[in-house]
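Trainee: Mind having a look at this structure? Questions to follow.
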Amino acid sequence: MCTRCEPLVPSADLLSRASAWQPRRAFLLAAAGAVLTGPALAQVNVGNASMARNLVPADRIEAAGVQQYGQLLEKARAKGALAGDGNAQLQRLRTIATRLIPFATPWNSRAQQWKWEVNLIGSKQINAFCMPGGKIAFFTGILEQLKLSDDEVAMVMGHEMAHALREHARARMAKSAGTGAALSIGAQLLGLGQMGDLAARAGTQLLTLKFSRSDETEADLVGLELAARAGYDPQASVSLWKKMAAASKNQGGLSFLSTHPSGPDRIQQLEANLPKVEKLYREAKRG
Ligand SMILES: [Zn+2]
């Protein structure tokens, strides 16, 4: 389900290389000083975002996300698998996104500049993702096979948006290239241009990036809060993952399910956080 969630990707042939990035010293210096924390009024507790991510320029990752998303849509369009604007399921997804997006910016101020986009790709895969920069895609398989309610779609979308907002892809790329210390030293010794190269290499992996367990927990909780604030029933987070668990028993090896294990831990953690967002949900419903 995510770039972040990992291979939410249709298939390797849909992946393509990001163009080479020019190193940008000024940006990296600015990024290194930024700390991404949760919003002051956040109900779920996920702490600060990883500092490691600052070693890879955010704008480069977002540009790669936008580019790779465009390429993915092109491939889908060429196969006649890209839903048109009049598609009812696509309209449903876009309506849900429109309700969630206003609550995204407090989690990452860069999201103010993102050009959010939602598309639906015809594929049996149980999959969905949100690339860095706010580019969201759902596969028809996740809607149809899991028979998702609007509340459940909001939980999936919130989870994917949370991966992008918390910049998990950016952090994964930095970490996958070496330890934070090694990257720091490398940046000092070699000049920040080296980091541009790193970002370029990492950018080719956007759609197949594997997130850590803690990234997944963070995405679950931030997504839960986003959806609750948008007026979607927090209980749907539990029903969603129960459906995922059932689907994974019947169909092993699917990309989203293989990167999003739905065990008792995940569901228990969501259940434990329901009281934190219940009030947000009730207020949103009243409003
Ligand atoms: Zn995920």
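Trainee: Of the conditions (1) touching a helix residue (DSSP H, G or I) at 6+ places or on another chain (Cβ under 8 Å); (2) of a type in the set (A, V, I, L, M); (3) away from the ligand (no atom under 16 Å from the Cβ), Ala246 fails just one. Which one is it?
Mentor: For Ala246, the exception is condition (1).
Trainee: Return a yes/no flag: does the range 230-239 have any residue that is away from the ligand (no atom under 15 Å from the Cβ), assigned to a helix (DSSP H, G or I) and modelled with pLDDT under 95.
Mentor: No, there is no match, as no residue in the range 230-239 is away from the ligand (no atom under 15 Å from the Cβ), assigned to a helix (DSSP H, G or I) and modelled with pLDDT under 95.
Trainee: Turning to a different aspect of this structure: Using the structure shown, decide if Ala284 is surrounded by fewer than 23 Cβ atoms within 10 Å (Cβ to Cβ), farther than 23 Å from Pro106 by Cβ and over 18 Å from the mean Cα position of the chain (by Cα).
Mentor: Answer is no for this residue.
Trainee: Check whether at least one residue in the range 170-185 is of a type in the set (Lys, Arg), buried (at least 19 other Cβ atoms within 10 Å of the Cβ) and modelled with pLDDT of 90 or more, and report yes or no.
Mentor: no
Trainee: Out of Ile136, Ile126, which single residue is closer than 22 Å to Val44 by Cβ and hydrophobic (A, V, I, L, M, F, W, C)?
Mentor: Being closer than 22 Å to Val44 by Cβ and hydrophobic (A, V, I, L, M, F, W, C) holds for just one of Ile136, Ile126, which is Ile136.
Trainee: A further question on this structure: Applying the selection to the range 122-155, what residues are modelled with pLDDT under 95 and basic (Lys, Arg)?
Mentor: Residue satisfying the conditions is Lys124 alone.
The values are calculated or read from the model by the stated rules, or taken from the named source; none is laboratory data. Note that the structure is predicted; figures quoted are calculated from it, not measured. Don't worry about glycine lacking a Cβ; one is built from the backbone with ideal geometry, like all the others, and counts go over all protein chains shown.
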